[in-house]
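The values are calculated or read from the model by the stated rules, or taken from the named source; none is laboratory data. Model, not experiment: these values are computed from the prediction. Using ideal geometry, Cβ is built from the backbone for each residue, glycine included, and neighbour counts are taken over all protein chains shown.
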């Protein structure tokens, strides 16, 4: 019999949120590399970074809460 650790749903949700945060950052970086920024280009950076940060913090909080 294999010794496997059960994976909780919350761990999967936290991993999913962390993946989405990485994808948002990647999209912001790639878009800025290929597209000329308009006068509101800084807003794209701000929203992308804020969204990724919120998702990352939420993911870490879920992981820490579940390990208590």
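Structural remarks
- Residues that are over 29 Å from residue 62 (Cα atoms) and either in a helix (DSSP H, G or I) or in contact (Cβ under 8 Å) with a residue 12 or more places away in the chain (or both), drawn from region 20-47: 31, 32, 33, 34, 41, 42
- Condition check for residue 17: out of contact with any strand residue (DSSP E or B) (no Cβ under 6 Å at 6 or more places or on another chain), in a helix (DSSP H, G or I), within 26 Å of residue 59 (Cα to Cα) and touching a residue at least 40 places away in the same chain (Cβ under 8 Å): yes
- Breaking point among (1) surrounded by fewer than 14 Cβ atoms within 10 Å (Cβ to Cβ); (2) assigned to a helix (DSSP H, G or I), for residue 5: (2)
- Residue within region 52-64 that is in contact with a helix residue (DSSP H, G or I) (Cβ under 6 Å, 6 or more places away or on another chain), more than 20 Å from residue 7 (Cβ to Cβ), modelled with pLDDT under 90 and in a helix (DSSP H, G or I) present: no
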